[in-house]
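Remarks on the structure that follows.
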Amino acid sequence: MRSAPGNGTTGPGAGPSGETPSERERGRYGPGIYVHFPFCVQRCGYCDFFVVLGGDDAREAYVEQLLREIDLAARSQDPRFDFSDATFQTLFFGGGTPSLLTPLQMETILTRLRSRFRFAEDAEITVECNPESATADRLRAYRELGVNRVSFGVQSLDREELRLLDRAHGAGDAARRMDDARRAGFSAVSLDLIYGLPGTAASTSGTPTEAEMRWLRTLESALALQPDHLSAYLLGLEPHVPLARKLKRGQVAELPGDEDSAAQYDTLRARTSANGLVQYEISNFARPGEESRHNQNYWLCGDYLGLGPSAHSHRRGVRWSNVKSLPGYRDALAKSVRPFDTEEVLDPQQRAEEWIFLGLRRTEGVPLPLITEWWGEGAVERLQAVPALEKWLEFDQPLAPGESRVRLAPEALFVSNTVFAECCEALGPVRGRGLVK
Ligand code: SF4
């Protein structure tokens, strides 16, 4: 373990404002609002999100329902779900395909949100866009409405791979849309990619196969577009999605094994770094200052309000989700009832472990006093004493009292879930409950 003596374990110490380390940490980027727009023009073969394929009328009806949900959420009578005292730092339209929203629909939603909730003047407002629907006019209109960040779901820049994934756009569309976004005035543009695709296992002959080279080409082409931010995710397939069924029937080439996927991940880290994008989370890279504030709030166990079917929310240890059905959503709102599906009050153990599972995803890591806050004195030393964790964790020298951190070593990034589980086991039951707010 890369540990250092004097590692800042001298107690959690509430700050001058009376906040605990976790209160200080989680308030850095949030709260945020997530708006789910579930419509897509077609279903991608790997997709397991809550998605529907409705036309213009269905989308228009949905916007009306969403406005009703915004109104209900803004006058919550229940303090557990009440965000009336919040100043939102971020707003994120995800999906589905939010770039199917017409400028008028986007304006209607934004106007309603702004009239019902308080937003910071410099709030980050992101729209997830798909290259086929985010036209130049639409991007310009979004920008004029105050959207200041776009995130393009590109996934691949290879024609064969886009076909394999059943994407609705072509290989050249991403470059065109990037250009459109810049012309529209967006200075924060993100691209999403997927690696670990079928057929990309390394060849045994030592000569890279055509499929193997595609990831490198996609990555290089994406970086040549000079995005401000890049997310890249390992393909994960639920058994019921069409691509998983094709794999099972042998209709597409096999998925690469762990070692080959790890090699693709190493290529990703090396090429992003060489192009000035700094890794700040397991799957996310950004020009300094262009990290997603909205996602960082999730990883810092912050509060967020989710609107739309299947959206999740969290407020001070209470987590809830909306129904995952458009008729269910519509019917609840027709009765002026919030469309909740699940509700869960996290106990201190769950809240503490979320800091490990989410907080350690960030390359900045977790403050050591936060670990002491939850698990008590001696917890950091317990973590340091586990031989299995020695090569996976790095501990800071203290920078200033209370500021040293633990983070994943680069070798642990690809196997992070195993490491998180080992950490939680080593730390055991929480003890610092007195400090939990
Ligand atoms: S565009 Fe995104 S949300 Fe829609 S089907 Fe494809 S992967 Fe799923």
Criterion first (surrounded by 15 or more Cβ atoms within 10 Å (Cβ to Cβ), more than 26 Å from L53 (Cα to Cα) and not acidic (D, E)) does T200 satisfy it? yes
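Okay, residues lined up against (1) among the charged types (D, E, K, R); (2) modelled with pLDDT under 85; (3) within 16 Å of the ligand (Cβ to nearest atom):
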| site | (1), (2), (3) |
| --- | --- |
| A4 | no, yes, no |
| S22 | no, no, no |
| P31 | no, no, no |
| V41 | no, no, yes |
| G45 | no, no, yes |
| F50 | no, no, yes |
| G55 | no, no, yes |
Return yes when E344 is within 27 Å of the chain's Cα centre (by Cα), outside the structural domain of S416 (by TED's automatic domain parsing) and not hydroxyl-bearing (S, T, Y) and no when it is not. yes
Criterion first (touching a residue at least 60 places away in the same chain (Cβ under 8 Å), in a helix (DSSP H, G or I) and within 30 Å of G250 (Cα to Cα)) does R217 satisfy it? yes
Among the numbered criteria (1) under 25 Å from E291 (Cα atoms); (2) touching a residue at least 60 places away in the same chain (Cβ under 8 Å), which one does A181 miss? (2)
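Name the residues in region 61-74 that are away from the ligand (no atom under 16 Å from the Cβ), out of contact with any Ser or Thr (no Cβ under 8 Å at 6 or more places or on another chain), touching a residue at least 24 places away in the same chain (Cβ under 8 Å) and not β-branched (V, I, T), would you?
If the condition is that a residue be away from the ligand (no atom under 16 Å from the Cβ), out of contact with any Ser or Thr (no Cβ under 8 Å at 6 or more places or on another chain), touching a residue at least 24 places away in the same chain (Cβ under 8 Å) and not β-branched (V, I, T), then A61, Q65, L66, E69, D71, A73 are the ones that fit.
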Identify, from the list A253, A262, the residue that is hydrophobic (A, V, I, L, M, F, W, C), in contact with a helix residue (DSSP H, G or I) (Cβ under 8 Å, 6 or more places away or on another chain) and not in a helix (DSSP H, G or I). A253
Failed item, numbered, when A311 is tested on (1) touching a residue at least 60 places away in the same chain (Cβ under 8 Å); (2) closer than 21 Å to I356 by Cβ; (3) over 11 Å from the mean Cα position of the chain (by Cα): (2)
Please work out if A201 is under 24 Å from S416 (Cα atoms), of a type in the set (G, A, S), in the same structural domain as S133 (by TED's automatic domain parsing) and assigned to a loop (DSSP other than H, G, I, E, B). yes
Can you name the number of the only condition in (1) surrounded by fewer than 15 Cβ atoms within 10 Å (Cβ to Cβ); (2) acidic (D, E); (3) touching a helix residue (DSSP H, G or I) at 6+ places or on another chain (Cβ under 7 Å) that E381 fails? (3)
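The values are calculated or read from the model by the stated rules, or taken from the named source; none is laboratory data. A quick note: this is a predicted structure, and the numbers were derived from the prediction, not measured. Reconstructed Cβ throughout: ideal geometry from the backbone, glycine too, with neighbour counts over all protein chains shown.
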